[in-house]
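> This structure is in structure tokens; I'll ask about it shortly.
The values are calculated or read from the model by the stated rules, or taken from the named source; none is laboratory data. Note that the structure is predicted; figures quoted are calculated from it, not measured. Neighbour counts are summed over all protein chains in view; Cβ atoms, including those assigned to glycine, are modelled from backbone coordinates with ideal geometry.
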Amino acid sequence: MNPRCLLPLLVCAIPLAHGQIVYEAFLDGPSESPPNASPGSGIAKVAYDSAAHTLTLDVSFAGLLGTTTASHIHAPTATPFDGIAGAVIVPPTLPLFPLGVTSGTYSHVFDLLDTTTYSAAFVTASGGTAAGAEAAMATYLADGKAYLNIHSAAFGGGEIRGFFVPVPEPAGTTLVVAGLLGAFGLYRRHSRRGEDSTSSAA
């Protein structure tokens, strides 16, 4: 096989070997709709595992002006990274999310094949099945149309929020680079053998 043919195979093999995609959202008041001057901030990370059909959510926040009353993942907005949308994960708030505080952390794993994970409206809009809801959720995350916000007593509509964006995976990038370098090495050795054969024949 011509080593040059290995390049597309190596590049394509990395995503197929990984069923997990990670997204991050940086939460603050100016990103809310409408924007506000809250000094609060936070970070939310979701890991979508298409093989296990799970969504692992981790949130950390601090400095809110009001105590927490709810938190949601919303989708889809009409425009990427802008606008508002309905809550898609079990309203009235994320399960066991810390309420009545101005700072805290949260971690939860959602079963995406369980219809009770989603709001009833979201399941209906996604074809009436959990599988349809999972596919829709994956699409909205990838398209920049999903966000997380935290509501508080000071800002009932939401004190801080942020849209999810994909996080590059250093390990995956390293594997791609290593694979490309390996393939290039094979190509160089193959070329040299060809040159040596030509020289011998001459």
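> Sort out which residues of the range 60-100 are under 17 Å from F155 (Cβ atoms), outside any loop (DSSP other than H, G, I, E, B) and of a type in the set (V, I, T), and write them in order of number.
T68, T69
> Something else now. So which pairs qualify, if the first residue must be in the range 37-48 and over 8 Å from F26 (Cα atoms), the second must be modelled with pLDDT under 95, the Cβ gap must be under 7 Å, and the two must be at least 6 apart or on different chains?
Matching pairs, first to second residue: A47/Q20; Y48/Q20.
> Given the options A201, A183, name the one that is of a type in the set (G, A, S), farther than 26 Å from V46 by Cβ, exposed (fewer than 11 other Cβ atoms within 10 Å of the Cβ) and modelled with pLDDT under 95.
Testing whether each residue is of a type in the set (G, A, S), farther than 26 Å from V46 by Cβ, exposed (fewer than 11 other Cβ atoms within 10 Å of the Cβ) and modelled with pLDDT under 95 leaves just A201.
> Next question, about the same structure. Given the criterion among the hydroxyl-bearing types (S, T, Y), under 21 Å from the mean Cα position of the chain (by Cα) and farther than 18 Å from D49 by Cβ, identify the matching residue among T139, T124, T115, T102.
Being among the hydroxyl-bearing types (S, T, Y), under 21 Å from the mean Cα position of the chain (by Cα) and farther than 18 Å from D49 by Cβ holds for just one of T139, T124, T115, T102, which is T115.
> When the range 133-163 is examined, which residues are found to be within 10 Å of I73 (Cα to Cα) and aromatic (F, W, Y)?
Hits for the range 133-163 are Y147, F163.
> Sticking with this one: Could you grab me the full set of residues in the range 33-56 that are hydrophobic (A, V, I, L, M, F, W, C) and either crowded, with 22+ Cβ neighbours inside 10 Å or not assigned by TED's automatic domain parsing to the domain that holds A120 (or both)?
A44, V46, L55
> Out of all the residues in the range 110-120, which are of a type in the set (G, A, S) and farther than 16 Å from A146 by Cα?
A120
> Further question: Which members of the range 101-132 meet the condition of being part of a helix (DSSP H, G or I) and either of a type in the set (G, A, S) or touching a Gly at 6+ places or on another chain (Cβ under 8 Å) (or both)?
Answer for the range 101-132, where residues must be part of a helix (DSSP H, G or I) and either of a type in the set (G, A, S) or touching a Gly at 6+ places or on another chain (Cβ under 8 Å) (or both): A120, A121, F122, V123, A125, A130, A131, G132.
> I've got another one for you. Just checking, does the range 20-32 include any residue being assigned by TED's automatic domain parsing to the domain that holds T117, touching a helix residue (DSSP H, G or I) at 6+ places or on another chain (Cβ under 7 Å) and at pLDDT 95 or above?
Yes; the residues of the range 20-32 include at least one that is assigned by TED's automatic domain parsing to the domain that holds T117, touching a helix residue (DSSP H, G or I) at 6+ places or on another chain (Cβ under 7 Å) and at pLDDT 95 or above.
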